[in-house]
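These notes concern the structure reproduced below.
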Amino acid sequence: MQTFFHGWRRKMGCVTLVMALACMGAWIRSLATTDIFEFAKETATTDIIYSFDCSIVWIKVHQEWPDVKTSFQEWDTVPRTDYDFFEDDRITWFFRCCGIGVGKEVAGTNDWPIYFIVHYSTITLPLTVLSAYLILWKPRKPIAPTPPG
């Protein structure tokens, strides 16, 4: 067992497995609750990160209040809702494929939010496959050259 973790491959495999398990835990949690992390900078932009409905949603809002020089952070957990970002008519989607979406809110509002959505399976499944490869892969033994003669 001591020789199992020699080398970087199996150690990195364990690290990616822990990351995959953390994403799986967040995925399962997002089925019941919505976690909201909001933080603002002094540059009149607010970043909002949602973990809900099996996805991570990042919204970047540029506010039209350049005279406000505040920064804050807020964390909140609320019960799950049935809201679907992909069905919202106010958002124009530039890219939607394989559990990833990039969009922007249409004109007519004071803020111009940019949306970036990633489904948890898009992160968890490749991490799981990568960790399995790194942990279970066995290097081939070098072929010994035959002596001349």
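The values are calculated or read from the model by the stated rules, or taken from the named source; none is laboratory data. Keep in mind that what you see is a predicted model, and the values were worked out from it rather than measured. Reconstructed Cβ throughout: ideal geometry from the backbone, glycine too, with neighbour counts over all protein chains shown.
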In segment 84-138, which residues are closer than 30 Å to Leu21 by Cβ, surrounded by fewer than 12 Cβ atoms within 10 Å (Cβ to Cβ) and in contact with a strand residue (DSSP E or B) (Cβ under 9 Å, 6 or more places away or on another chain)? Phe95, Cys98
Are there any pairs with C-beta distances below 9 angstrom linking a residue in segment 60-85 that is closer than 27 Å to Thr33 by Cα to a residue that is modelled with pLDDT of 80 or more and loosely packed, with under 11 Cβ neighbours inside 10 Å, with the two at least 6 apart or on different chains, and if so which? Pro79/Ala32; Arg80/Ala32
When (1) closer than 30 Å to Lys138 by Cβ; (2) surrounded by 14 or more Cβ atoms within 10 Å (Cβ to Cβ); (3) modelled with pLDDT under 85 are applied to Arg10, the one that fails is (3)
